[in-house]
Amino acid sequence: MKPPRKNTSLNDAPSAPWYKKLRWDWTMLALIIPITVTVSLIFPDKGERVADISWSFLLEMVYILPAVLILMGLFAVWVSREVVVRYLGAGSGIKGLLLSMILGALPTGPLYVAFPMGAMLIGKGARIANVMAFLSAWACIKIPQELMEIQFLGWRFAATRLLLTASLIGVMCLFAELIYKRLPEKETGEKKPSLPTQ
């Protein structure tokens with residue numbers, strides 16, 4: 001006789017660990033607010049300074065993020081997935097890395113503006129190394145800053161730093177891509193970005 005079949009249902013499936021169910025953004029906010037209030041009560045002068053800086057950052061985000069969202073909407077509609085895959089996809093090679101650095105060096109603004117753009121690029125099929133190069137160039141290579149660097153430190157200093165920075169960014173991004181691909185989603189608890197790919 002065949003052994004009785006076990007009755008398996010969805011309720012018997014193992015539940016995800018508690019730390020994967022947390023909304024870490026809201027959790028961090030809930031932790032930071034009471035800590036900030038406590039520090040402000042203990043050190044009133046420091047608390048006032050923290051409040052001023054936080055308010056200035058909030059205003060900066062309010063001014064910048066709407067424009068970023070509009071640009072992301074235009075990018076999602078007007079730039080097709082085929083174009084992104086062709087120039088920044090897995091087969092783009094060194095040209096894709098260089099193009100990513102150039103695109104990251106052109107704009108100005110805080111680094112957090114580049115994060116949603118990087119997620120959009122991944123959603124449209126850009127190579128991970130190219131997105132990392134885009135973010136790295138945004139962080140440490142900017143054309144207006146390079147012009148100021150040449151003015152105050154000289155073209156030799158600026159050219160040396162720029163060449164070394166670009167070279168190390170390329171190597172770092174290729175190595176980081178290898179690590180990223182070896183991390184399964186079930187271990188990292190992170191889902192790969194899935195955005196509209198029009």
Of the residues in the range 116-132, those that are out of contact with any Lys or Arg (no Cβ under 9 Å at 6 or more places or on another chain) and either among the small types (Gly, Ala, Ser) or surrounded by fewer than 13 Cβ atoms within 10 Å (Cβ to Cβ) (or both) come to Gly118, Ala119, Ala126, Ala129
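Residue-wise test of (1) touching a strand residue (DSSP E or B) at 6+ places or on another chain (Cβ under 6 Å); (2) under 24 Å from Leu74 (Cα atoms); (3) part of a helix (DSSP H, G or I).
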residue: Gly104; (1), (2), (3): no, yes, yes
residue: Pro107; (1), (2), (3): no, yes, no
residue: Phe115; (1), (2), (3): no, yes, yes
residue: Ala119; (1), (2), (3): no, yes, yes
residue: Ala133; (1), (2), (3): no, yes, yes
residue: Ser136; (1), (2), (3): no, yes, yes
residue: Glu146; (1), (2), (3): no, no, yes
residue: Gln151; (1), (2), (3): no, no, yes
residue: Ala158; (1), (2), (3): no, no, yes
For the range 4-22 the number of residues that are exposed (fewer than 10 other Cβ atoms within 10 Å of the Cβ) and either part of a helix (DSSP H, G or I) or modelled with pLDDT of 70 or more (or both) is 6
Residue hits (the range 164-192; at pLDDT below 55 and either surrounded by 14 or more Cβ atoms within 10 Å (Cβ to Cβ) or among the small types (Gly, Ala, Ser) (or both)) are Gly189
Just one listed residue, out of Gly93, Gly109, is over 16 Å from the mean Cα position of the chain (by Cα) and on the phi > 0 side of the Ramachandran plot, and it is Gly93
Being closer than 26 Å to Ala67 by Cβ and either modelled with pLDDT of 90 or more or outside the structural domain of Leu97 (by TED's automatic domain parsing) (or both) narrows Ala158, Ala133 down to just Ala133
Just one listed residue, out of Ile94, Ile122, is of a type in the set (Val, Ile, Thr) and either within 15 Å of Ile169 (Cβ to Cβ) or not assigned by TED's automatic domain parsing to the domain that holds Cys173 (or both), and it is Ile94
Reported set for the range 147-187 where residues are touching a residue at least 24 places away in the same chain (Cβ under 8 Å) and either polar (S, T, N, Q) or out of contact with any Lys or Arg (no Cβ under 8 Å at 6 or more places or on another chain) (or both) is Thr165, Ala166, Ile169, Gly170, Met172, Cys173, Leu174, Ala176, Tyr180, Lys181
The number of residues in the range 47-91 that are surrounded by 13 or more Cβ atoms within 10 Å (Cβ to Cβ) and part of a helix (DSSP H, G or I) is 18
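The values are calculated or read from the model by the stated rules, or taken from the named source; none is laboratory data. Keep in mind that what you see is a predicted model, and the values were worked out from it rather than measured. All Cβ positions, even for glycine, are placed from backbone atoms using ideal geometry, and neighbour counts span all protein chains on display.
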